[in-house]
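Step one of this worksheet: look at the structure below.
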Amino acid sequence: MSLLKIDGICKSFGGLKAVDNISFEVQEGTIHALIGPNGAGKTTLVNMISGIYSVDTGDIYFNDEKITNVPTHKLVNKHIMRTFQNLEICENMTVMENVLLGFNINMNKSLLKCSFQFESIMDDEEKFTHIALSHLKRVGLEDVAYKLCGDLSYGVLKKVEIVRALALNPKLLLLDEPVAGLNGTETAEIAEIIKEIASEGVTVLLIEHDMKMIMGISDNITVVNFGVKLAEGTPAEISSNPVVIKAYLGEGSLHE
Ligand SMILES: Nc1ncnc2c1ncn2[C@@H]1O[C@H](COP(=O)(O)OP(=O)(O)O)[C@@H](O)[C@H]1O
Ligand SMILES: [Mg+2]
């Protein structure tokens, strides 16, 4: 069954068609990768799915319910969570505080502007702290739970973002380049975390450039280029698709 259905959505910025009539479906409980060169429209797609950008035309369905242009905080209530290509972490707050921010489901769409009143959102702090800690533990971050994010490495902060989304018990998790800028060990760790999340029934839409990781953990792949869908299929189908190889992957790139 498809959990997420993207039906002919378009988004232009001035004269630029960033997303041009893209359709695809994400099956429940799978890891579905969205790949394509820089500027292909991947983040714009995720921004529309997560209610950050409005959709020009077309529709988005979650569990057969139309969620086109539903605001972010309402999508969070439906357990659609995301992470950001550019970290949205408050460096002057601890890891725990950053994770707890996720529980403020009334966050506005600019998510995590650090200026708002942190205390006012924490009606149930003890309960949320317990949940946050259990997720931090599972990714091996319990030791840094009360450290300031500004003192931690980029690799750790990428995990903190995932934990913040996980703590809200997502049904659909949108990950925008979760391993960009990470070394091989950190990448392998995050790939394991993603696989584990999916094995527990969370549906994952994964944007990444790391082809080894994509080919290793994805069930299905949608390829976009210049705002249009180029191809879709299993990793085996995509890695042998001549159109994809020519436009994006490059001869031999999967066999390095
Ligand atoms: N808010 C915006 N205003 C203007 N142009 C944008 C905006 N967001 C994205 N774009 C443009 O849309 C195109 C697709 O961008 P993006 O979705 O970020 O690509 P990707 O994530 O695949 O690298 C790019 O040409 C980018 O410059
Ligand atoms: Mg992007």
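The values are calculated or read from the model by the stated rules, or taken from the named source; none is laboratory data. All values reported here derive from a predicted model rather than from experimental measurement. Backbone-built Cβ (ideal geometry, glycine too); neighbour counts: all protein chains shown.
Would you check if residue 210 is closer than 30 Å to residue 127 by Cα, within 15 Å of ligand 1 (Cβ to nearest atom) and either at pLDDT 95 or above or surrounded by 15 or more Cβ atoms within 10 Å (Cβ to Cβ) (or both)?
No; evaluated as a whole, the condition is false for this residue.
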Out of the residues in segment 213-246 meeting the condition of being within 23 Å of residue 170 (Cβ to Cβ) and among the hydroxyl-bearing types (Ser, Thr, Tyr), tell me which one is surrounded by the most Cβ atoms within 10 Å (Cβ to Cβ). 222
Across (1) modelled with pLDDT under 95; (2) within 16 Å of ligand 2 (Cβ to nearest atom), residue 75 clears everything bar (2)
Please enumerate the residues belonging to segment 14-44 that are on the phi < 0 side of the Ramachandran plot and either near ligand 1 (Cβ under 7 Å from one of its atoms) or assigned to a loop (DSSP other than H, G, I, E, B) (or both). 15, 16, 18, 28, 30, 37, 38, 40, 42, 43, 44
Out of the residues in segment 64-86 that are surrounded by 18 or more Cβ atoms within 10 Å (Cβ to Cβ) and more than 15 Å from residue 48 (Cβ to Cβ), which is nearest to the chain's Cα centre (by Cα)? 83
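Could you tell me which residue of segment 21-44 is surrounded by the most Cβ atoms within 10 Å (Cβ to Cβ), considering only residues that are more than 21 Å from residue 178 (Cβ to Cβ) and away from ligand 2 (no atom under 16 Å from the Cβ)?
Here is the first cut: in segment 21-44, the ones more than 21 Å from residue 178 (Cβ to Cβ) are 21-23, 25.
Imposing the further condition that a residue be away from ligand 2 (no atom under 16 Å from the Cβ) reduces the set to 21, 23, 25.
On the way: 21: 14, 23: 14, 25: 16.
Ranking the qualifying residues of segment 21-44, first place goes to 25.
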I'm trying to understand the selection: among the residues of segment 45-69, which are within 20 Å of residue 175 (Cβ to Cβ) and either touching a His at 6+ places or on another chain (Cβ under 6 Å) or not in a strand (DSSP E or B) (or both)? 45, 46, 47, 48, 49, 50, 51, 52, 53, 63, 67
Residue count, segment 215-233 (criterion: in contact with a strand residue (DSSP E or B) (Cβ under 6 Å, 6 or more places away or on another chain) and away from ligand 1 (no atom under 14 Å from the Cβ)): 7
Quick one: count up the residues across segment 174-207 that are surrounded by 18 or more Cβ atoms within 10 Å (Cβ to Cβ) and small (Gly, Ala, Ser). 2
Subset of segment 45-62, residues closer than 11 Å to residue 82 by Cβ, surrounded by 20 or more Cβ atoms within 10 Å (Cβ to Cβ) and within 10 Å of ligand 1 (Cβ to nearest atom), comes to 46, 47
Quick check: anything in segment 157-180 of a type in the set (Val, Ile, Thr) and touching an Asp or Glu at 6+ places or on another chain (Cβ under 6 Å)? yes
Cβ pairs under 6 Å, 6+ apart or interchain, first in segment 138-162 and free of Cβ contacts under 8 Å to residues at least 12 places away in the same chain, second buried (at least 18 other Cβ atoms within 10 Å of the Cβ) and of a type in the set (A, V, I, L, M), ordered by first then second residue, are 142/136
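Is there a residue in segment 7-14 that is of a type in the set (Gly, Ala, Ser) and surrounded by 15 or more Cβ atoms within 10 Å (Cβ to Cβ)? Don't jump to the end; show me each part of the working.
The first filter runs over segment 7-14 and keeps only residues of a type in the set (Gly, Ala, Ser), leaving 8, 12, 14.
Within this subset, residues satisfying the condition of being surrounded by 15 or more Cβ atoms within 10 Å (Cβ to Cβ) are none.
The answer is no, given that none of the residues of segment 7-14 is of a type in the set (Gly, Ala, Ser) and surrounded by 15 or more Cβ atoms within 10 Å (Cβ to Cβ).
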Here the qualifying pairs (Cβ atoms under 6 Å; residues six or more apart or on different chains; first in segment 4-21 and assigned by TED's automatic domain parsing to the domain that holds residue 220; second small (Gly, Ala, Ser) and more than 10 Å from ligand 1 (Cβ to nearest atom)) come out as 6/23; 7/23; 7/58; 8/23; 8/58; 9/58; 10/58; 21/8
